[in-house]
Ligand code: TRP
C-alpha cells in the first residue's frame, strides 16, 4: 500500500464513526429531509428515499470508503492512484475533481442555511413565546429577506468551519464530536416525544408513512384558461429522493473517500457503513417526527419549503415548558451538526490543495473559506424579497439552482461512476481484499454495486429527461 508518509489517521474506530456520522448527519437530515418530504408529497417520497438510502447509498458508501482507505490520499489523488494500480484510464481522476468542486459548491449554500441556524440560536435565547403560524413565518421571512443579517451569520458559520479545518480534521473534530453528536441524538428523541404528545401525531404518521404514489408521480397544476386541474406525470420527485439520499449520506463528492483515507486497515468498512447509514436515516426520520405533528397541530402546510424547520419548531419551543432552554440547545446542536458536515464539505478541497502545493493548511483553509463565503453571498441575497430575490436561474433562485445541480445531477452522477468504477474497473479480488467480507456478504455488495446502482441511477436519470 502506497501511504503518504505524513497522512494522518483517526485515533480509533469510534472516532472515525463519530466523524463520519458527524459528516452525514447535518442540515440534510434535519432541514432538508422534512422540507423535501413536505414539498414532494410525503409517504411515497419517504419510502423511495429510504429504499435509495439502503439499496444505493449503503453500497456506494462502502465503495467510497474502500477507495479512500486503499489510496490513503485525498479524492483526486486517490482516484488517480487506484485507477493506475488497476491499469485503468487516467480520466477516472475526473471523478475526484468533481467531488472537490461539488463539495465547494454545496458549501456555498449550506453555509447560508448554517448561518440561519446560528441566527436562530440567538433568537431562541430571547424566546418564541406566543409564536403562531403567521408570526413564525413572518419572523423567518424577515431573516431570509434581510440583506445584512444572514450575511453576518453566514460569515460567522464559515469562520468557525475554517478555524476547525485549519487545525486539521483530526485535532479539530474528534474532541467535539464525541460529546455533541450523542447529545443531539438524545435531544431529538425528547423533541419527538414532545411532538407526539403536543402535536397531531396521527396526521404526521399518515403524511410521512402512508405512501400515496400519485403524489410522487403526478403534479397537479391548474389550467390558467379553463381553471381545471391537470395531472402531469413526473419522475423529478423520484430524482429528488435519490438526490436527498446521496446528500444526507454525504455521498458522491469524495467527502467520504477523504474520511476513508484516514482509516486504518483494521476497521470493518461494511459494519461501519451500515451503522452510519442507520444513524443517518434515523435522524432524518426523527426530525420528520419532531416537526410534522407540530405542522398539523398549528395549521401550517407541509410545503413551507426551505423555511419549514425554522417556522415550525419555534412554535413548539414557544409553547413547551422549558422551551427557553430546549430551543437554544436544539439550535446550538443543529449548528454543531451542520458545522461537522461543513467541515467534511471543504476538507476534500483543502486536503487536495495541501497535497498538491505542500502549502500550510491554515492558509489554504482561510483562502478557500474566503471564496466559499464570497460565492455564498449569492445564495443569501438570492432569497425571496432579498437583494437578488428576483434574479432567476432556470426559473428558480440561486440557492435552489445550486441545490439542483449538486443534489440532483452531480451527486447521483458521482455515485453512478463510483459504483461503475468499483464494480467493473477494480478487480474482484482487490475489492474483496479491501472489504474483508465473507463470501455471502461480499456477493451481495458486489451485486448491488455492479448492477443495481448503475442500472437504477441511470434509469432515474434517463426517465427524468423524458418526463
Ligand atoms: N450529509 C450532510 C448533511 O446531511 C451534508 C454533506 C456533508 C454532504 N458532506 C457532504 C453532502 C458531501 C454531499 C456530499 O447535512
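The values are calculated or read from the model by the stated rules, or taken from the named source; none is laboratory data. Worth saying up front: this structure is predicted, and the values here are computed from it rather than measured. Heads up, the Cβs are rebuilt from the backbone with ideal geometry, glycines too, and the neighbour counts pull from every protein chain shown.
I'm checking my understanding of the structure. Among residues of segment 323-341 that are more than 20 Å from residue 20 (Cα to Cα) and either touching a residue at least 60 places away in the same chain (Cβ under 8 Å) or outside any helix (DSSP H, G or I) (or both), which one is farthest from the ligand (Cβ to nearest atom)?
Keep residues of segment 323-341 that are more than 20 Å from residue 20 (Cα to Cα), which gives 323-331.
Filter once more, so that each one left must be either touching a residue at least 60 places away in the same chain (Cβ under 8 Å) or outside any helix (DSSP H, G or I) (or both): 323-324, 326-331.
On the way: 323: 25, 324: 27, 326: 22, 327: 21, 328: 21, 329: 19, 330: 16, 331: 15 Å.
Per the criteria, the residue is 324.
Looking at segment 289-307, is at least one residue part of a loop (DSSP other than H, G, I, E, B), within 15 Å of the ligand (Cβ to nearest atom), in contact with a helix residue (DSSP H, G or I) (Cβ under 9 Å, 6 or more places away or on another chain) and closer than 29 Å to residue 382 by Cα?
Within segment 289-307, not a single residue is part of a loop (DSSP other than H, G, I, E, B), within 15 Å of the ligand (Cβ to nearest atom), in contact with a helix residue (DSSP H, G or I) (Cβ under 9 Å, 6 or more places away or on another chain) and closer than 29 Å to residue 382 by Cα.
Scan segment 47-75 for residues that are under 23 Å from residue 91 (Cβ atoms) and within 12 Å of the ligand (Cβ to nearest atom) and report the count.
Total meeting the criteria: 3.
Taking residue 192 as the residue in question, decide whether it is part of a helix (DSSP H, G or I), under 25 Å from the mean Cα position of the chain (by Cα) and under 30 Å from residue 369 (Cβ atoms).
Judged against the criteria, residue 192 is not a match.
Which one of the conditions (1) buried (at least 19 other Cβ atoms within 10 Å of the Cβ); (2) farther than 20 Å from residue 356 by Cα; (3) within 16 Å of the ligand (Cβ to nearest atom); (4) under 17 Å from the mean Cα position of the chain (by Cα) does residue 16 fail to meet, given that it meets all the rest?
(4)
Select, from 122, 78, 139, the only residue that is surrounded by 19 or more Cβ atoms within 10 Å (Cβ to Cβ) and either more than 16 Å from the ligand (Cβ to nearest atom) or part of a helix (DSSP H, G or I) (or both).
Every option except 78 fails the conditions.
Which is surrounded by 19 or more Cβ atoms within 10 Å (Cβ to Cβ) and either over 21 Å from residue 410 (Cβ atoms) or without any contact (Cβ under 8 Å) to a residue 40 or more places away in the chain (or both), of 115, 96, 87? Break it down stepwise before answering.
Numbers: 96 fails: either over 21 Å from residue 410 (Cβ atoms) or without any contact (Cβ under 8 Å) to a residue 40 or more places away in the chain (or both); 87 fails: surrounded by 19 or more Cβ atoms within 10 Å (Cβ to Cβ).
Step by step, each of 115, 96, 87 is checked, and only 115 is surrounded by 19 or more Cβ atoms within 10 Å (Cβ to Cβ) and either over 21 Å from residue 410 (Cβ atoms) or without any contact (Cβ under 8 Å) to a residue 40 or more places away in the chain (or both).
Would you check if residue 270 is modelled with pLDDT of 90 or more and within 15 Å of the ligand (Cβ to nearest atom)?
So residue 270 fails the test.
Give the residue, chosen from 350, 366, that is modelled with pLDDT of 90 or more and away from the ligand (no atom under 16 Å from the Cβ).
366
Please state which of the following conditions residue 251 fails to meet, knowing it meets all the rest: (1) within 26 Å of the chain's Cα centre (by Cα); (2) part of a helix (DSSP H, G or I).
Condition (2) is where residue 251 drops out.
So residue 44 passes all but one of these: (1) within 24 Å of residue 419 (Cα to Cα); (2) assigned to a helix (DSSP H, G or I); (3) away from the ligand (no atom under 16 Å from the Cβ). Which condition number does it fail?
(1)
Answer yes or no as to whether residue 51 is under 30 Å from residue 424 (Cβ atoms), out of contact with any strand residue (DSSP E or B) (no Cβ under 6 Å at 6 or more places or on another chain) and surrounded by 23 or more Cβ atoms within 10 Å (Cβ to Cβ).
Details: under 30 Å from residue 424 (Cβ atoms): yes; out of contact with any strand residue (DSSP E or B) (no Cβ under 6 Å at 6 or more places or on another chain): yes; surrounded by 23 or more Cβ atoms within 10 Å (Cβ to Cβ): no.
Judged against the criteria, residue 51 is not a match.
Go through 96, 114, 102 for me and flag whichever is modelled with pLDDT of 95 or more and within 16 Å of the ligand (Cβ to nearest atom).
Only one candidate passes the filter, namely 114.
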